[in-house]
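Here is the structure we will look at.
Each reported figure results from applying straightforward, stated rules to the coordinates on display, with no laboratory input. This is a predicted model, so every value here is computed, not measured. Reconstructed Cβ throughout: ideal geometry from the backbone, glycine too, with neighbour counts over all protein chains shown.
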């Protein structure tokens, strides 16, 4: 052992930038995550393998040494999360990736990150659940990633829907995490992890995307209490009032950041009588379906939350205020639907009529959504005809 | 009309379905088309059915799976059965007419599965037998059934392990979405690490690709 810190060792050798210029590539979603993390200066991946995200670790551990980055495989996801938190406290940009039952185990380090404001980045590639279920696909980890810990869900959850977004939002996750200092998750799924498609990779600083600086939280120079304030990072409190007081700034900081964090994509809202709401990979099918329905003359719009936590509540309320019904489409039994209802609850817009198309663990195609929307419109027509007869 | 092809491929694990699908998609990407390839298989380490879905088009592609395929490729009976839901009146099925028998699993004896299924590498090296499995009746009725003895071509002229590349050549031409030279480029890229270890595989694979590209085309145009 040389006794040198990771940073000192790194300074000895100049490594190339992982991505130079802009490059059109065809690769899998897991490979995209590894390249994005390399490109935006992630230093250390602590992880434990689980399908369907294994290739993130495969690619990272293969590529990392070329760029002076590190990899540690721990004995389980709890260790992976806490090792990453330790690295973050030492000032390194650490991250991890997991799925399914691994996301469950990750809740403890995530909750600690919320309490101590540690900028942990976690990529989740959802598989089928509950329990071991399938290694393939679902959208059943929406609540787990958003609210899974023992706490208030003080996290940011991005839901990309294409490889381009997977690249963009993995980079963004590191910026958000270090800027706002809340754990930040990128919620993909097994389809996005395994499928291959084209995207443009780039060097983030070349596009003006400079990550917030990483810095050590412990071990600063000087004598604590004399030369500087002692660093006191707590996740344990004696009495209720002490915890309550400690939580206030966390909650205030989180909710003041909400307007700067929420993101969404919308389309065809003009005159829409029905708005299809979907996230992640299902958003692609929804977008295609809405385009097709508009061509057929159906007044249908499109709403896709890009942040599931915080959810773009205000944006959705503005849309429902105009009176359209909603059709929530997801590969889960109503997890997105719960977020939608939470967003609309307590307002006049909360009375919006919500239809659902729920397929836990199953992929959803544009054709199915078109069919479902047409059925809903047929239902209206029959209802209106029925009412007309009664008059 | 804009080009839009939906392709589903199926075979036993180790038959090279994923490489074939990936190379096809990569070739279409090289030609500047929109592509999406997604593998699909279960949790089996050995003896599972391996499916792949490829979409090639000119507009951005929506969901990674689809309801009905324009082209279906089957390298085993079991996989053709799994692909049946993707067939329709407009589908063309391309199958290996020197079909390999899928591995049998002795479910009655717990633990026997390991011994009764073939490791993927063993499967790829396997010699053909006279026992051909009957192709299941496709009840929906399809546009074309095209048989190509890819296994025989590979075994007699090249090596059994490149039968998937023979099929790939034939499939690629059917898509009308890629040129042979971009297919060759994609193949060399995809197999780069293997070819580096064993340079003899390069002419073998390129010949297989060309044989597939030409043989089926000659048969079909007759």
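Below are the figures for this structure:
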item	result
Calculated [θ] (222 nm, deg cm²/dmol) that DSSP helices of n ≥ 4 give over chain A, each run adding -39,500 (n - 2.57)	-13000 deg cm²/dmol
Dimensionless Rg ratio for segment A:266-384, taking C-alpha atoms and the 2.2 N^0.38 Å reference	0.97
Degrees separating the helix A:280-295 axis from the principal Cα axis of chain A, which is the longest one	30
Along each principal axis, Cα extent of segment A:16-207, largest first, Å	43, 36, 27
Full-extension gain in nm, residue A:215 to residue A:266, via 0.36 nm per residue minus C-alpha separation	14.6 nm
Two-site label geometry, residue A:341 and residue B:2: point separation in nm, points 7 Å out along Cα→Cβ	3.8
Segment B:168-211 and segment A:83-150: distance between their alpha carbon centers, rounded to Å	40
Radius of gyration, Dmax [chain A; alpha carbons; angstrom]	22.6, 89
Isotropic mean projected area of the C-alpha convex hull, segment A:236-278 (nm²)	5.6
20 Å reach of a label modelled at residue A:108, 7 Å along Cα-to-Cβ, counting backbone N of segment A:131-159	A:131-132, A:144-154
Added length on full extension, which subtracts the Cα-Cα distance from 0.36 nm per residue, residue A:321 to residue A:62	88.1 nm
Between 0 and 90°, nearest 10: helix A:366-390 axis offset from chain A longest Cα axis	40
Least to most buried among A:176, B:87 (fewest other Cβ within 10 Å first)	B:87, A:176
Rounded FRET efficiency, nearest 0.05, which uses the C-beta distance separating residue B:217 from residue B:181 and R0 of 22 Å	0.85
Stretchable slack from residue A:71 to residue A:381, in nm (0.36 nm times residue separation minus alpha-carbon distance)	105.7 nm
Distance cut-off 28 Å, percentage of C-alpha pairs in segment A:171-317 lying past it	45
Between helix A:107-116 and chain A: long-axis angle, C-alpha atoms, 0 to 90°, nearest 10	70
Label point distance in nm, residue A:164-residue A:24, each placed 7 Å from Cα along Cα→Cβ	1.2
Inter-chain Cβ neighbour average for residues B:28-39, partner chain, 10 Å	4
